[in-house]
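Right, one structure below, let's go through it.
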Amino acid sequence: MAGFTTAFPTSFKGELPQAVHNFTASTGHVFKCALGIASPTGTYGAATTNYSNLTGNSDEVANGSGYTTGGFAWTAAQNTTPATSGTGAYWSWSVNPSWTSASFSTSGCIIYNSSASNKAVYVGSFGGTQTVTSGTLTLTLPTNGVGTSILQLN
Amino acid sequence: MDFVNGHAAVGNLKVFVTNGRTKTADEWASEIMEKLMHVAENAPAPLRDQAVAFRDKIYVLIRDNIELALKQEREWILSQR
């Protein structure tokens, strides 16, 4: 079924032991968060591999009205270096993706590594259509820790 | 051979929208607190109460400083006109 399902992309699991991604603060890669439209034609979830999956279906929010295609870009300095606790590892970013002076609707997102051929590292569903009108849309990342972080290996 | 189970997991994003305005200091502070600390619902009551009390104090500190920063920035911009 078309739409977004929150998932840890399977391709990302395979890329981790190949050292494709570097989440180290300041010296790591640049990651971006792209928003999908309210009613996408594609299906996004664990099988999603790349940002191009979104653009290939013309499912990204259109450029303009507070959104720039490609999405919100974290700087490498905003990566939170992966940490471990107990038997788990977790990592995140220090700021929340945010779009100001925005007017659009969205239903999900893909976080991808723009330093590594736009490979997907996270797919998120917003649980329905979220609409912003001349305002600010913020994606609040969960607390960076075991059991809560946006990305974890347990 | 023994196999040890492990799994990759993802946390959930929350979407926060303001229409016709930017975020207030209260909203910024709430957002920062979500990133800063998480108090588990199933934590022992005395620990949870202490954590919540600490969280509330930090929240006020952040909110008040954001308000001050916004106020000073606006005053600075006005003074430059």
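The values are calculated or read from the model by the stated rules, or taken from the named source; none is laboratory data. On a predicted model such as this, the values are computed, not experimentally measured, just so you know. Using ideal geometry, Cβ is built from the backbone for each residue, glycine included, and neighbour counts are taken over all protein chains shown.
The residue of region B:16-64 that is nearest to the chain's Cα centre (by Cα), among those that are exposed (fewer than 12 other Cβ atoms within 10 Å of the Cβ) and among the basic types (Lys, Arg), is B:Lys57. Looking at B:Arg81, B:Arg74, B:Arg48, just one residue is over 25 Å from A:Trp93 (Cβ atoms), at pLDDT below 90 and out of contact with any strand residue (DSSP E or B) (no Cβ under 9 Å at 6 or more places or on another chain), and that residue is B:Arg81. Taking the residues in region A:48-71 that are surrounded by fewer than 21 Cβ atoms within 10 Å (Cβ to Cβ) and within 14 Å of another protein chain (Cβ to nearest Cβ) as candidates, determine which candidate is nearest to the chain's Cα centre (by Cα). Applying the filter and picking the extreme gives A:Gly66. In region A:12-35, the residues that are among the aromatic types (Phe, Trp, Tyr) and at pLDDT 95 or above reach residues that are part of a helix (DSSP H, G or I) and crowded, with 16+ Cβ neighbours inside 10 Å with C-beta atoms within less than 9 angstrom, at least six apart or across chains, in these pairs: A:Phe31/A:Ala76; A:Phe31/A:Gln78. Every listed requirement among (1) touching a residue at least 40 places away in the same chain (Cβ under 8 Å); (2) more than 21 Å from B:Ile32 (Cβ to Cβ); (3) surrounded by fewer than 17 Cβ atoms within 10 Å (Cβ to Cβ); (4) hydroxyl-bearing (Ser, Thr, Tyr) is met by A:Thr81 save one, (2).
Residues checked against (1) part of a loop (DSSP other than H, G, I, E, B); (2) in contact with a Phe, Trp or Tyr (Cβ under 8 Å, 6 or more places away or on another chain); (3) not basic (Lys, Arg):
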residue: A:Asn22; (1), (2), (3): yes, no, yes
residue: A:Ser26; (1), (2), (3): yes, no, yes
residue: A:Leu35; (1), (2), (3): no, yes, yes
residue: A:Ser39; (1), (2), (3): yes, no, yes
residue: A:Ala46; (1), (2), (3): yes, yes, yes
residue: A:Ser52; (1), (2), (3): no, no, yes
residue: A:Ser58; (1), (2), (3): yes, no, yes
residue: A:Pro82; (1), (2), (3): no, yes, yes
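Would you mind finding the one in A:Trp93, A:Trp99, A:Trp74 that is more than 13 Å from every other protein chain (Cβ to nearest Cβ), closer than 20 Å to B:Lys14 by Cβ and not acidic (Asp, Glu)? Before the answer, list the steps.
Details: A:Trp93 fails: more than 13 Å from every other protein chain (Cβ to nearest Cβ); A:Trp99 fails: more than 13 Å from every other protein chain (Cβ to nearest Cβ).
Criteria check complete, one pass: A:Trp74.
Selection of first residues in region A:135-151 that are more than 7 Å from chain B (Cβ to nearest Cβ) and surrounded by fewer than 20 Cβ atoms within 10 Å (Cβ to Cβ) and of second residues that are part of a loop (DSSP other than H, G, I, E, B) and not hydroxyl-bearing (Ser, Thr, Tyr), restricted to Cβ pairs under 9 Å at least 6 apart or on distinct chains, gives the following pairs, ordered by first then second residue: A:Val146/A:Gly86; A:Val146/A:Asn154; A:Gly147/A:Asn154; A:Gly147/B:Gly11; A:Gly147/B:His38; A:Gly147/B:Ala40.
One residue alone among A:Thr24, A:Thr69 is hydroxyl-bearing (Ser, Thr, Tyr) and over 17 Å from A:Phe12 (Cβ atoms), and that residue is A:Thr69.
Scanning region A:35-54 for residues that are in contact with a helix residue (DSSP H, G or I) (Cβ under 6 Å, 6 or more places away or on another chain) and hydrophobic (A, V, I, L, M, F, W, C) yields a single hit, A:Ala46. Being aliphatic (A, V, I, L, M), in a loop (DSSP other than H, G, I, E, B) and farther than 17 Å from A:Val30 by Cβ narrows it down to one of A:Ala62, A:Ala89, so name that one. The unique qualifying residue is A:Ala62. Looking across B:Glu31, B:Glu75, B:Glu27, one residue alone is more than 14 Å from chain A (Cβ to nearest Cβ) and either part of a strand (DSSP E or B) or not hydrophobic (A, V, I, L, M, F, W, C) (or both). It is B:Glu75.
Scan region A:109-129 residue by residue and report those that are more than 9 Å from every other protein chain (Cβ to nearest Cβ), of a type in the set (Gly, Ala, Ser) and assigned to a strand (DSSP E or B). Step through it out loud before you land on a result.
Initially, region A:109-129 is screened for residues more than 9 Å from every other protein chain (Cβ to nearest Cβ), giving A:110-121, A:128-129.
Those still in the list that are of a type in the set (Gly, Ala, Ser) too: A:114-117, A:120, A:128.
Residues satisfying the conditions are A:Ala120, A:Gly128.
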